[in-house]
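> One structure is given below, represented as structure tokens, and several questions about it will come after.
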Amino acid sequence: MLDPARLRHAYDLRGRVGLDLVPDDFRRLGRAIARRLRAEDGRALVVAHDGRLSSPELAQALVADVLAGGVDVLDIGLAPSPLAYFAERHLGAGGAAIVTASHNPADWNGLKLVLGGAVVFGEQ
């Protein structure tokens, strides 16, 4: 289950799929992201994911609750993080969420998040 104190790193949230992170965690994150975007200006969220086997399911869970929270999603699918960051700026979105665990083993996954041009996690 989601334990931000243990899973949070400087630029992302990551852990082992099925142990540290499950789809319900990504739904909760989606709700929180939607609340924050609505409170700021309600602009859409760009969502992308990497090629890990668990990434599409986790991205779908995130997207479902961002949409349920009243925020539009621009789902660009399988894409590298820099493309998601570019899409956020180019499309005028309120943020970008990338389901990825970067260089970690295949059984890990996580979330990189930028809202309003600023990286979320680290001390947040």
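Values in this text are rule-based calculations from the coordinates and carry no lab data. In this text the structure is predicted, and so the values were computed from the model without any measurement. No Cβ is skipped: glycine too gets one built from the backbone with ideal geometry, and neighbour counts run over all protein chains shown.
> Name the residues whose placed amide hydrogens come within less than 5 Å of the amide hydrogen of W108, ignoring near sequence neighbours (fewer than 5 apart) on the same chain.
It is V17, by chain and number.
> How far is helix 81-91 tilted off the main Cα axis of the chain, in degrees rounded to 10, range 0 to 90?
Once rounded, the angle reads 10 degrees.
> What is the set of long-range amide H partners of G95 at a cut-off below 5 Å, with H atoms built 1.01 Å from backbone N?
Placed amide hydrogens put V46, G116 under 5 Å from G95.
> While we're here: Toward the positive end of the charge dipole of segment 16-120, about the Cα centre and with charges on Cβ (Lys, Arg +1; Asp, Glu -1), which of P80, L113, G42 goes farthest?
With unit charges placed on the Cβ atoms, the residue in question is G42.
> Whose amide H sits under 5 Å from the amide H of V73, counting only residues 5 or more places off or on another chain, with H placed in the peptide plane?
L45
> Which FRET efficiency value, to the nearest 0.05, do you get for R35 and H90 by plugging their Cβ-Cβ distance into 1/(1 + (r/R0)^6) with R0 = 25 Å?
0.50
> Arrange the following residues from fewest to most other Cβ atoms within 10 Å of their Cβ: H49, H103, H90. Could the numbers behind the result be given before it?
Details: H49 26, H103 6, H90 10.
Ascending Cβ contact count within 10 Å gives the list H103, H90, H49.
> With the calculation restricted to Cα positions, what are the radius of gyration and Dmax of segment 16-120 in angstrom?
Here Rg and the maximum Cα pair distance are 12.5, 36 Å.
> Could you line up L115, L83, L78, L37 from fewest to most neighbouring Cβ atoms inside 10 Å?
L78, L83, L115, L37
> Net charge around D107, counting only other residues with Cβ within less than 15 Å of its Cβ (Lys, Arg = +1; Asp, Glu = -1)?
Neighbour charge sum, excluding D107 itself: 0.
> Quick one: helix 55-68 against the long Cα principal axis of the chain, what's the angle to the nearest 10°, folded into 0 to 90?
Relative to the chain, helix 55-68 is tipped by roughly 40 degrees.
> Give the order of V22, V17, V47, V119 when sorted by the count of other beta carbons within 10 angstrom, beginning with the fewest.
V119, V22, V17, V47
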